[in-house]
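The values are calculated or read from the model by the stated rules, or taken from the named source; none is laboratory data. Bear in mind the structure is a predicted one, so any value in this text is a computation, not a measurement. No Cβ is skipped: glycine too gets one built from the backbone with ideal geometry, and neighbour counts run over all protein chains shown.
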Amino acid sequence: MSAYLQCIEENCQKKISAATKTHVCPDCSGLLDVMYDFQITDPDKVKQTFQQRRLSNDSLDLSGVWRYRELLPFCSDPAKVVTMQEGNTPIYEAPHCAEYTGLKRLHLKHQGLNPTGSFKDNGMTAGVTQARLMNSRMVACASTGNTSASMAAYAARAGMKAVIFIPDQQIAFGKLSQSLDYGALTLQLEGDFDEAMKMVKEITEESEVYLLNSINPFRLEGQKTIIIEMLAQRGWKIPDRVVVPGGNLGNSSSFGKAIKELHDLGFIDKMPMVTIIQALRANPLHKTLIDRSARLIRVEAHTLATAIKIGNPVSWKKAMRAMEWTRGWCDVVSEQEIADAKAMIGRDGVGCEPASATTVAGIKKLIQTKEIDKDEDVVAVLTGNLLKDPDYTVNYHQNNLYEKALYKHELIERKDKIQSTYANAPVKVKARKAEILKVLGL
Ligand code: F0G
């Protein structure tokens, strides 16, 4: 089966070889899709194959991405696949979060339980495999921390040199520590993510270095499996809605493509709505949607959820398309709403990073505005692990989280306190039995 690249712009749709080292259309600079001449005639049989592979110990079958390879058939040589058994993430029922949001039931698909702790691994196994198919020796990305951690790990597995461009002082230490350990060359750039993205795009265009941000359409092929795996885990019972945080908008774009392809190929007969949630002051997609603008309305992004602190998301047109295809929507939530939702997710025994909590915060808001019905079958996708950014969590529980805080290894300025509504601060107690029993109320 041959794969090719195709421009998403309706008045262009140029087709080029999948082996071209470009991530935008050479004619109009539009975004590209990986496309296939799918030959699937019996989707039920393919679903059975997916299920049977769960019993196999073959390395491709053990991957929660490559198990579904019929739906991303761009690599015909299994020996070239770079996998760390990514995907395979659980879906948890979350009764506290359901009650908090006003839903009858709520399920959380926890992508933070991937090998490097975020959903990026689903995309990176595909992106680094394509890099290997292209004989690349050096790969690069700009990142708010998770892409870089994931790329560094997969590049290390593949024996490639990894270069990461990160905004100085703006990524969580959990993420920075990962790329350092995995041996990536780490460039801390002055400025924000959007500037780092601009630099890495220019440099990869002009050199041999292969770009692995989500503008790379092969990344999105891997991320499609978040939806595919979720449906397979639910016995192909289609939820009404999938809720996902929005940053650079790669994930929401891949969800849209997965749902459209599954529908077109006859795997599903209804499309779940894709609802994207952004932080209130990192809201370019929401602004663009509300203003019905044909061009992206960029913003200077601010949020403590540093993973989604992005004002000029590269995949915005694909995200728009995902919302169109699925009758989806984009909304925004405040820093306070994110912080409280994160603590509530914790009460269900599930730990996520701040960006992931936009989902539960967004569902609560959309129930209140009656956009979501309390009976809806909703799956929220948690994108990153709690341990990525423990400072945020500890500050929240110690009543010490500020919306505008400037950290230069230590806090040097703070403003606009976030209320620690569900604080659970540690208790200082002397190492004496009587005192401990007193604290325990025994
Ligand atoms: N959640 C987490 C934990 C993320 O790391 C990101 C993006 C998102 C949500 C947003 O996903 O970009 O596909 O809309 N992190 C990127 C990075 C930008 O560099 O790690 P998106």
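Quick one: would you say LEU289 is surrounded by fewer than 24 Cβ atoms within 10 Å (Cβ to Cβ) and modelled with pLDDT of 95 or more? Here the answer is yes, as LEU289 does meet what is asked.
Restricting attention to the range 306-316, report how many residues are polar (S, T, N, Q) and within 10 Å of the ligand (Cβ to nearest atom).
The number of residues fulfilling the criteria is 2.
Would you please name the residue that is farthest from LEU31 (Cα to Cα), looking only at residues in the range 203-229 that are assigned to a helix (DSSP H, G or I), modelled with pLDDT of 95 or more and over 20 Å from the mean Cα position of the chain (by Cα)? The residue in question is ILE203.
Considering the range 332-354, and only residues there that are buried (at least 24 other Cβ atoms within 10 Å of the Cβ) and touching a Lys or Arg at 6+ places or on another chain (Cβ under 9 Å), the residue that is nearest to ASP291 (Cα to Cα) turns out to be VAL333.
With respect to the conditions (1) part of a loop (DSSP other than H, G, I, E, B); (2) away from the ligand (no atom under 13 Å from the Cβ); (3) polar (S, T, N, Q), THR303 lacks only one, and its number is (2).
If you filter the range 230-256 down to residues that are farther than 19 Å from THR303 by Cα and part of a loop (DSSP other than H, G, I, E, B), you find that the one that is nearest to the ligand (Cβ to nearest atom) is PRO239. Any idea how many residues of the range 93-119 are out of contact with any Phe, Trp or Tyr (no Cβ under 9 Å at 6 or more places or on another chain), surrounded by 19 or more Cβ atoms within 10 Å (Cβ to Cβ) and either basic (Lys, Arg) or in a strand (DSSP E or B) (or both)? Final tally of qualifying residues: 1.
At least 1 residues being under 17 Å from the mean Cα position of the chain (by Cα) and either free of Cβ contacts under 8 Å to residues at least 12 places away in the same chain or under 28 Å from THR116 (Cα atoms) (or both) is the threshold, and among the helices (runs of 4 or more DSSP H) wholly inside the range 327-442 those reaching it are 335-347, 358-368.
Of all residues in the range 374-386, exactly one satisfies the criterion of being in contact with a helix residue (DSSP H, G or I) (Cβ under 9 Å, 6 or more places away or on another chain) and surrounded by fewer than 15 Cβ atoms within 10 Å (Cβ to Cβ), namely LYS374. With respect to the stated conditions, ARG132 fails to be in contact (Cβ under 8 Å) with a residue 40 or more places away in the chain, more than 8 Å from the ligand (Cβ to nearest atom), surrounded by fewer than 17 Cβ atoms within 10 Å (Cβ to Cβ) and not in a loop (DSSP other than H, G, I, E, B).
Counting the residues of the range 20-50 that are in a loop (DSSP other than H, G, I, E, B) and either of a type in the set (Ser, Thr, Tyr) or farther than 22 Å from TYR68 by Cα (or both) gives 11. Inspect the range 111-119 for any residue being of a type outside the set (Asp, Glu) and over 16 Å from GLU353 (Cα atoms) and give the result as yes or no. No, every residue in the range 111-119 fails to be of a type outside the set (Asp, Glu) and over 16 Å from GLU353 (Cα atoms).
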